[in-house]
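Participant: The structure under discussion is supplied below as C-alpha coordinates; questions concerning it will follow.
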Amino acid sequence: PVNPTIQKPKPPAIKSTFAGRAGEYAVASELLFWGYNVLFNAVDEGIDLIADVDNKLHYIQVKTSAFVNETATFKIDTKSFEATKEKQPWYVFVMRDGTKLNYAIIPFFNIDQWRNGKFIGGANALSIQITYDAPSKTFKLCGIDINMFINTFNQFKQ
(Lines give C-alpha, C1' and ligand atoms only; values in the text may rest on other atoms or scores of the structure.)
Protein backbone atom coordinates (compact mmCIF):
# COMPACT_ATOMS: atom_id res chain seq x y z
CA PRO A 1 0.00 0.00 0.00
CA VAL A 2 1.06 3.56 -0.72
CA ASN A 3 1.13 6.03 2.15
CA PRO A 4 -0.89 9.14 1.43
CA THR A 5 1.03 12.39 1.56
CA ILE A 6 0.52 14.03 4.90
CA GLN A 7 -0.02 17.72 4.45
CA LYS A 8 1.45 20.14 6.93
CA PRO A 9 -1.40 21.69 8.89
CA LYS A 10 -1.97 25.42 8.54
CA PRO A 11 -3.10 26.92 11.83
CA PRO A 12 -6.29 28.95 11.62
CA ALA A 13 -6.44 32.66 12.38
CA ILE A 14 -7.51 33.13 15.99
CA LYS A 15 -8.65 36.00 18.18
CA SER A 16 -5.88 37.84 20.03
CA THR A 17 -7.40 36.89 23.40
CA PHE A 18 -7.08 33.21 22.49
CA ALA A 19 -3.51 33.71 21.25
CA GLY A 20 -2.56 35.58 24.43
CA ARG A 21 -3.89 32.87 26.71
CA ALA A 22 -2.36 30.13 24.54
CA GLY A 23 1.01 31.89 24.85
CA GLU A 24 0.70 32.00 28.63
CA TYR A 25 -0.06 28.28 28.76
CA ALA A 26 2.82 27.52 26.37
CA VAL A 27 5.25 29.44 28.59
CA ALA A 28 3.85 27.78 31.74
CA SER A 29 4.25 24.38 30.10
CA GLU A 30 7.85 25.09 29.11
CA LEU A 31 8.65 26.33 32.64
CA LEU A 32 7.22 23.09 34.05
CA PHE A 33 9.40 21.05 31.66
CA TRP A 34 12.40 22.91 33.10
CA GLY A 35 11.32 21.87 36.61
CA TYR A 36 10.03 25.26 37.75
CA ASN A 37 6.78 25.63 39.66
CA VAL A 38 4.33 28.00 37.97
CA LEU A 39 1.58 30.16 39.40
CA PHE A 40 -1.08 31.95 37.34
CA ASN A 41 -2.31 35.34 38.51
CA ALA A 42 -6.09 35.52 38.74
CA VAL A 43 -5.98 39.12 37.52
CA ASP A 44 -3.46 40.38 34.98
CA GLU A 45 -2.02 43.67 36.21
CA GLY A 46 1.16 43.44 34.18
CA ILE A 47 2.25 40.05 35.52
CA ASP A 48 0.84 36.88 33.94
CA LEU A 49 2.86 34.16 35.64
CA ILE A 50 5.10 33.67 38.64
CA ALA A 51 7.82 31.04 38.42
CA ASP A 52 9.23 29.57 41.62
CA VAL A 53 12.81 28.57 40.85
CA ASP A 54 14.77 27.22 43.82
CA ASN A 55 12.55 29.21 46.21
CA LYS A 56 13.10 32.45 44.30
CA LEU A 57 10.09 34.06 42.61
CA HIS A 58 10.35 35.38 39.05
CA TYR A 59 7.56 37.59 37.72
CA ILE A 60 6.73 37.05 34.06
CA GLN A 61 4.75 38.99 31.48
CA VAL A 62 3.92 36.99 28.35
CA LYS A 63 3.36 38.54 24.93
CA THR A 64 2.31 36.41 21.97
CA SER A 65 2.41 37.04 18.23
CA ALA A 66 2.61 35.12 14.98
CA PHE A 67 5.26 35.83 12.40
CA VAL A 68 4.05 37.71 9.34
CA ASN A 69 6.75 38.16 6.71
CA GLU A 70 9.46 37.13 9.22
CA THR A 71 8.25 39.75 11.74
CA ALA A 72 6.37 39.29 15.01
CA THR A 73 4.87 42.47 16.50
CA PHE A 74 4.19 43.07 20.19
CA LYS A 75 2.82 45.89 22.34
CA ILE A 76 3.54 46.55 26.02
CA ASP A 77 1.20 49.00 27.73
CA THR A 78 3.40 51.84 29.04
CA LYS A 79 1.45 52.27 32.30
CA SER A 80 1.66 48.53 32.99
CA PHE A 81 5.39 48.56 32.16
CA GLU A 82 6.02 51.38 34.64
CA ALA A 83 3.75 49.86 37.32
CA THR A 84 5.67 46.57 37.36
CA LYS A 85 9.14 48.17 37.42
CA GLU A 86 9.82 47.35 41.08
CA LYS A 87 9.18 43.63 40.44
CA GLN A 88 11.69 43.59 37.56
CA PRO A 89 9.59 41.17 35.52
CA TRP A 90 10.83 38.98 32.72
CA TYR A 91 9.20 39.48 29.35
CA VAL A 92 8.64 36.29 27.41
CA PHE A 93 7.78 36.96 23.78
CA VAL A 94 6.11 33.91 22.26
CA MET A 95 6.65 33.82 18.51
CA ARG A 96 4.52 31.41 16.50
CA ASP A 97 5.67 30.36 13.06
CA GLY A 98 3.10 27.96 11.64
CA THR A 99 2.92 25.32 14.37
CA LYS A 100 6.38 26.03 15.80
CA LEU A 101 7.06 28.25 18.82
CA ASN A 102 10.14 30.18 19.83
CA TYR A 103 10.51 32.22 22.98
CA ALA A 104 12.53 35.39 23.57
CA ILE A 105 13.09 35.54 27.34
CA ILE A 106 14.25 39.05 28.18
CA PRO A 107 14.70 40.68 31.61
CA PHE A 108 12.97 43.98 32.38
CA PHE A 109 16.38 45.63 32.65
CA ASN A 110 17.13 45.05 28.96
CA ILE A 111 13.72 46.22 27.76
CA ASP A 112 14.05 49.36 29.90
CA GLN A 113 17.59 49.98 28.66
CA TRP A 114 16.53 49.63 25.02
CA ARG A 115 13.59 51.93 25.66
CA ASN A 116 15.87 54.57 27.19
CA GLY A 117 18.24 54.15 24.21
CA LYS A 118 15.29 54.86 21.88
CA PHE A 119 15.48 51.43 20.21
CA ILE A 120 11.95 50.77 21.53
CA GLY A 121 9.45 53.59 21.26
CA GLY A 122 5.83 54.43 21.77
CA ALA A 123 3.82 56.78 23.97
CA ASN A 124 0.90 54.70 25.29
CA ALA A 125 2.44 51.36 24.37
CA LEU A 126 5.96 50.20 23.70
CA SER A 127 6.09 48.89 20.15
CA ILE A 128 8.35 45.87 19.69
CA GLN A 129 9.14 44.03 16.50
CA ILE A 130 11.12 40.82 16.46
CA THR A 131 12.41 39.69 13.11
CA TYR A 132 13.90 36.38 12.10
CA ASP A 133 16.44 35.99 9.32
CA ALA A 134 16.44 32.32 8.30
CA PRO A 135 19.74 32.27 6.35
CA SER A 136 21.72 33.68 9.32
CA LYS A 137 19.38 32.12 11.93
CA THR A 138 19.27 35.49 13.69
CA PHE A 139 16.49 36.98 15.80
CA LYS A 140 16.52 40.76 16.17
CA LEU A 141 14.41 42.96 18.42
CA CYS A 142 14.09 46.43 16.87
CA GLY A 143 17.42 45.80 15.14
CA ILE A 144 19.23 44.40 18.21
CA ASP A 145 20.56 40.82 18.00
CA ILE A 146 18.69 38.84 20.67
CA ASN A 147 19.83 35.29 19.88
CA MET A 148 21.29 35.05 23.41
CA PHE A 149 17.70 35.31 24.74
CA ILE A 150 16.04 32.74 22.46
CA ASN A 151 14.60 29.68 24.24
CA THR A 152 16.92 30.22 27.22
CA PHE A 153 14.65 29.16 30.07
CA ASN A 154 17.81 28.30 32.02
CA GLN A 155 18.23 32.08 32.66
CA PHE A 156 15.84 31.74 35.60
CA LYS A 157 18.45 29.60 37.41
CA GLN A 158 21.15 32.28 37.18
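Participant: Using label points projected 7 Å from each Cα along Cα→Cβ, tell me how many nm separate Lys15 and Thr99, to one decimal.
Facilitator: In this crude spin-label approximation the distance works out to 2.5 nm.
Participant: Give the longest segment of the chain that steers clear of trypsin sites (Lys or Arg not before Pro) in DSSP loops with at most 10 neighbouring Cβ atoms within 10 Å, not counting the sites themselves.
Facilitator: Result for the longest clean stretch: 16-117.
Participant: When the chain is fully extended, how far beyond the present Cα-Cα distance does Glu70 get from Glu45, taking 0.36 nm per residue of separation?
Facilitator: 6.0 nm
Participant: At most 15 other Cβ atoms within 10 Å plus a DSSP loop assignment makes a site exposed; report the longest stretch of the chain without any exposed GluC sites (Glu not before Pro).
Facilitator: 71-158
Participant: Follow-up question, since we're still on this one. Which of the three applies to the range 58-137, rounded, prolate or oblate, going by the alpha-carbon gyration tensor with a ≥ b ≥ c and a/c under 1.5 meaning rounded?
Facilitator: Taking the square roots of the gyration eigenvalues as a ≥ b ≥ c, the range 58-137 is prolate.
Participant: If you don't mind, another one. Counting only heavy atoms of protein chains, what accessible area per residue, in Å², does the chain have with a probe of 1.4 Å?
Facilitator: 62
Participant: Next question, about the same structure. If R₀ is 22 angstrom, what is the calculated FRET efficiency for the pair Lys56 and Phe33, using the beta carbon separation as r and rounding to 0.05?
Facilitator: E between Lys56 and Phe33, to the nearest 0.05, is 0.75.
Participant: What's the angle, to the nearest 10 degrees (0 to 90), between helix 16-33's Cα axis and the longest principal axis of the chain?
Facilitator: It works out to around 90 degrees.
Participant: Can you list the lysines whose alpha carbon sits under 21 Å from that of Lys140, skipping same-chain ones fewer than 8 residues off?
Facilitator: Filter leaves Lys63, Lys75, Lys100, Lys118.
Participant: Separate question: Once each part is reduced to its C-alpha centroid, what is the distance from the range 22-78 to the range 98-158 in angstrom?
Facilitator: Between the Cα centre of the range 22-78 and that of the range 98-158, the gap is 14 Å.
Participant: So, one more: Mind checking which of Pro11, Pro107, Pro135 has the largest fluctuation in a GNM of the chain, springs on alpha carbons under 10 Å?
Facilitator: Pro135
Participant: If each residue of separation counts as 0.36 nm, what is the full-extension length gain between Asn147 and Gln88 once their alpha-carbon separation is subtracted?
Facilitator: Length gained between Asn147 and Gln88: 19.1 nm.
Participant: So I have (i) 25, 16, 15; (ii) 42, 20, 11; (iii) 27, 20, 16, and one of them is semi-axes √(5λ) of the Cα gyration tensor in Å calculated from this model. Which one is it?
Facilitator: (iii)
Participant: Rank Val43, Val62, Val53 by mean-square fluctuation in a GNM of the chain with C-alpha springs under 10 angstrom and give only the top-ranked residue.
Facilitator: Val43
Participant: Moving on to the next point. How much of the accessible area of the chain, probe 1.4 Å, is carbon plus sulfur, in whole percent?
Facilitator: 53
Participant: How large is ³J(HN,Hα), in whole Hz, for each residue of the range 58-63 in order, when computed from phi with the Karplus curve 6.51 cos²θ - 1.76 cosθ + 1.60 and θ = phi - 60°, using x for Gly and Pro?
Facilitator: So the Karplus estimates, Gly and Pro as x, are 10, 8, 10, 10, 9, 10 Hz.
Participant: Output the relative contact order of the chain, whole-number percent, from Cα pairs under 8 angstrom with separation of 6+ residues.
Facilitator: 19
The values are calculated or read from the model by the stated rules, or taken from the named source; none is laboratory data. Predicted model only: the values in this text are computed from it and were never measured. Backbone-built Cβ (ideal geometry, glycine too); neighbour counts: all protein chains shown. Each accessible area value is taken on the protein alone, full model and side chains, heavy atoms only, with ligands, DNA and RNA left out. Shrake-Rupley method; radii C 1.70, N 1.55, O 1.52, S 1.80 Å.
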